[in-house]
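Asker: Attaching a single structure in structure tokens format; questions to follow.
Just so you know, all these numbers are worked out from the coordinates, no wet-lab data involved. All values derive from a computational prediction rather than experimental measurement. Reconstructed Cβ throughout: ideal geometry from the backbone, glycine too, with neighbour counts over all protein chains shown.
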Amino acid sequence: MEIRKVGVVGAGQMGAGIAHVAALAGYDVTMFDVSAERAEAGIAKVAANLDRQLQSGKIEAEAKAAALDRLTATADAAAYGDLDLVIEAATEDEAVKRKIFAGICPALRSDAILATNTSSISITRLAAATDRPERFIGIHFMNPVPVMKLVELVRGIATEDETFEAAKRFVSAAGKTFIVSEDFPAFIVNRILLPMINEAIYTLYEGVGSVESIDTSMRLGANHPMGPLQLADFIGLDTCLSIMQVLHDGLADSKYRPCPLLVKYVEAGWLGRKTKRGFYDYRGETPVPTR
């Protein structure tokens, strides 16, 4: 199957990033959200990111203009009928994703591929909630999508070879390197990364070190480009908690228990950069640790 037209469901940071790289790669891209205004806001995010790439010399003006010409925005489910591949990039909540699939599937062509950008949820289980488990696959882009080179491809138990091969071609055409993960909770990257972040939060919770000392330790002592608490804020503390809960529930191992401090921050609505407060307060000119 040849993929020419791509739909992206969810016009947030991840959805806009996926639309960005797909449009630059030459695909016609339709962005969907619950309202046309939100979908249009996703295109505005893409335009701003393309501007940054243009100013830094990563792309030419012609490439930016061509990518924007390939982008459209809508909230109309009828537009799904013209697409070869639809990628769901909504919040990391299984109930939300199932509801989205229930709305998408009746409008899709029978041969269209449906994919999810989930970072942790079972592909097999999500596929079973659709009318096309054979044509369903996990295509997990990393954040920020235009910058990060890796994509995790995850087959469900029913995913056909044709679907898998089409997904590989799409990811390669988008300029990404793919790795293949088995369908286990949190796949590869987050299976390793999120317990490290959770342990950093435990280190803070237990008073071993401050926010600043923990992040400085990992930046300078382990050569990480970003400290684990700063990274948690970037990812979103609600997303971090969701992934840890998937790991804990799916693997039934106490080492994946979410830190109570992470739970408390999420309960407070301090979700990181997107809410201006998390382990750092972003409301001023420079981030200030909140603990």
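Asker: For the stretch 119-159, run through the trypsin sites (Lys or Arg not before Pro) and keep only the ones in DSSP coil with at most 11 other Cβ atoms within 10 Å of their Cβ.
Answerer: Lys149
Asker: Hey, another quick one. Sort Glu40, Glu285 so that the residue with the fewest other Cβ atoms within 10 Å of its own Cβ comes first and the one with the most comes last.
Answerer: Listed from fewest to most nearby Cβ atoms, that is Glu285, Glu40.
Asker: For the chain, give me the percentage of DSSP beta bridges that are antiparallel, rounded to the nearest 5 percent.
Answerer: 25
Asker: Can you give me the angle between helix 13-24 and the longest principal axis of the chain, using Cα atoms only, in degrees from 0 to 90, rounded to the nearest 10?
Answerer: The answer is roughly 40 degrees.
Asker: Sticking with this one: Under a Cβ-Cβ cut-off of 15 Å, what is the net charge of the residues other than Val189 that fall near it, where Lys and Arg count +1 and Asp and Glu count -1?
Answerer: Net charge in that neighbourhood comes out at -1.
Asker: Order of 114-123, 47-56 by packing, highest average Cβ count within 10 Å first? List each step's numbers first, then the result.
Answerer: Details: 114-123: 25.1, 47-56: 14.3.
Descending packing order for the listed peptides: 114-123, 47-56.
Asker: Determine, for Leu193, Leu71, the number of other Cβ atoms within 10 Å of each Cβ, and report the residues in order from fewest to most.
Answerer: Lowest count first: Leu193, Leu71.
Asker: May I pose another question? Kindly rank 257-267, 60-70, 235-245, 78-88 from highest to lowest mean number of other beta carbons found within 10 Å of each residue.
Answerer: 235-245, 78-88, 257-267, 60-70
Asker: How many percent of DSSP beta bridges within the stretch 91-178 run antiparallel, rounded to 5?
Answerer: Approximately 50 percent, going by the DSSP bridge assignments.
Asker: Please list, or write none, the aspartates and glutamates whose alpha carbon is within less than 15 Å of the alpha carbon of Lys64, excluding same-chain residues fewer than 8 places away.
Answerer: Asp28, Asp51
Asker: Another one. Under the rule of -39500 (n - 2.57) per DSSP H run of 4 or more residues, summed and divided by the residues of the chain, what mean residue ellipticity at 222 nm is obtained, to the nearest 500 deg cm²/dmol?
Answerer: It lands at -14000 deg cm²/dmol.
Asker: At what distance in angstrom do the alpha carbon centres of the stretch 216-246 and the stretch 101-138 lie from each other?
Answerer: Result: 29 Å between the Cα centres.
Asker: Take the alpha-carbon centre of the stretch 3-27, take the same for the stretch 254-291, and report the distance between them in whole Å.
Answerer: 29
Asker: Within the stretch 182-224, list the GluC sites (Glu not before Pro) lying in a DSSP loop whose Cβ has at most 14 other Cβ atoms in a 10 Å radius.
Answerer: Hits after loop and neighbour filter: Glu182, Glu206.
Asker: What does the highest-first list of 274-280, 11-17 look like by mean Cβ count within 10 Å?
Answerer: Averaged packing, sorted descending, gives the order 11-17, 274-280.
Asker: Give the lysines whose C-alpha is closer than 29 Å to that of Lys255, dropping any in the same chain fewer than 8 places away, or say none.
Answerer: Lys97, Lys264, Lys274
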